[in-house]
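The values are calculated or read from the model by the stated rules, or taken from the named source; none is laboratory data. Owing to the predicted nature of the structure, the values given are computational and were not obtained by experimental measurement. Here Cβ is always computed from backbone atoms with ideal geometry, including for glycine, and neighbour counts include all displayed protein chains. Accessible surface is based on the protein model in full, side chains and every heavy atom, while ligands, DNA and RNA are left aside. Shrake-Rupley method; radii C 1.70, N 1.55, O 1.52, S 1.80 Å.
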Amino acid sequence: MNSCFIFLVLMIRIRLSTMTSHYKCRSGVYPRSSVKRLNVSDDRVSWDSEFKDYNPPYYTSDSVKGKSWADPEIDTPNFSPKWNQIERDVNRKSHMGHYNIVNGYPLNPTGRTGLQGRGVLGRWGPNHAADPIVTRWKDVSRDILQFIAIKRGDTGEWALPGGMVNPGEKVLTAAIREFQEEAMNSFEASEADKENWKEKFKDFFSKGIEIYRGYVDDPRNTDNAWMETIAYNFHDETGAVVGNIKLQAGDDAIGVQWVDITPDIILYASHKDIIDSVLNKHQKC
Ligand code: BGC
């Protein structure tokens, strides 16, 4: 192979990975606002590429200001976050490795998004989520894998039934809790029902397999705040355990159902990439 060909393949790879991992969070109007992102072309996403006078709009939503679960503004006296560390119960470490701090602000490790501030995200830097991927085969032929998807109340898109990790909570615990809240409406279940589920699904949920850990191309990301997740697959090979589970949307989900994993499936953020890894794993088995 000549060096020119190798270079070309490398460039295409870099471009593809930038495009798929950092695409939904650098286009159009920021969610739940009228703030327009500065347009960042593919070749200027990387902080290493030159972008003279890069000065995108600054936006932090009023919905996060002054909230006990959120950070204050960066310049608030006595606010001195321990970047890249776990600070008491707040995890400011990124799954992507060390991130840089410039002028006091953490920088999105995947590059420019065309918006400064933290939009509607609670934390500066990484905001940690957990995602459960509950799967089964559609029928005995084992040709089509299905997963439990929820319809998000905020965007109306189908997504994994995940959510934010609470301070001090284990990520796996958060994934299971979110599943029960969003796909089984545990908020409205009786204590007796919850005890019953605990017994019934204890074994099933103890066998989660980590599928993905890292950045999520979420439309809420900014230059200074971004979503990361750890996704676990809980697979029911025979369909006997969760196959007949009673699904009921709860919390901020407005719909829930088993969905066929097909190549053309459209999902929130970069959940499709995560689902593809699950499919890949089961197809190889
Ligand atoms: C969702 C997770 C998702 C994360 C990043 C959270 O709001 O509940 O399912 O992975 O955002 O997009």
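Brief remarks follow.
- Residues in region 175-214 that are over 24 Å from residue 254 (Cα atoms) and either within 16 Å of the ligand (Cβ to nearest atom) or aliphatic (A, V, I, L, M) (or both): 192, 208, 209, 210, 211, 212, 213, 214.
- Which numbered condition residue 236 fails, given (1) away from the ligand (no atom under 16 Å from the Cβ); (2) in contact (Cβ under 8 Å) with a residue 40 or more places away in the chain; (3) open to solvent by 20 Å² or more (accessible area, probe 1.4 Å): (3)
Yes/no matrix, rows are residues, columns are (1) modelled with pLDDT under 95; (2) in contact with a strand residue (DSSP E or B) (Cβ under 7 Å, 6 or more places away or on another chain); (3) more than 26 Å from residue 23 (Cβ to Cβ):
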{"residue": "231", "(1), (2), (3)": "no, yes, no"}
{"residue": "235", "(1), (2), (3)": "no, yes, yes"}
{"residue": "244", "(1), (2), (3)": "yes, no, yes"}
{"residue": "251", "(1), (2), (3)": "yes, no, yes"}
{"residue": "263", "(1), (2), (3)": "yes, no, no"}
{"residue": "272", "(1), (2), (3)": "no, no, no"}
{"residue": "275", "(1), (2), (3)": "no, yes, no"}
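- Qualifying residue in region 90-106 (condition: open to solvent by 80 Å² or more (accessible area, probe 1.4 Å), over 23 Å from residue 271 (Cα atoms) and outside any loop (DSSP other than H, G, I, E, B)): no
- When 121, 145 are screened for being at pLDDT 95 or above and within 16 Å of the ligand (Cβ to nearest atom), only 121 passes.
- Among the residues listed as 267, 247, 279, the single one being within 13 Å of the ligand (Cβ to nearest atom) and either assigned to a loop (DSSP other than H, G, I, E, B) or more than 27 Å from residue 39 (Cα to Cα) (or both): 267
- Any hit, region 210-225, residues being aliphatic (A, V, I, L, M), out of contact with any Ser or Thr (no Cβ under 8 Å at 6 or more places or on another chain) and either open to solvent by 10 Å² or more (accessible area, probe 1.4 Å) or over 30 Å from residue 102 (Cα atoms) (or both): no
- Residue match in region 198-217 (condition: under 23 Å from residue 64 (Cβ atoms), outside any loop (DSSP other than H, G, I, E, B) and at pLDDT 95 or above): yes
- Whichever residue in region 148-174 is in contact with a helix residue (DSSP H, G or I) (Cβ under 8 Å, 6 or more places away or on another chain), over 14 Å from residue 269 (Cβ atoms) and of a type in the set (A, V, I, L, M, F, W, C) and, among such residues, is farthest from the ligand (Cβ to nearest atom): 148
- Residues of region 172-183 satisfying the condition of being open to solvent by 10 Å² or more (accessible area, probe 1.4 Å) and of a type outside the set (Asp, Glu): 172, 173, 176, 177, 180
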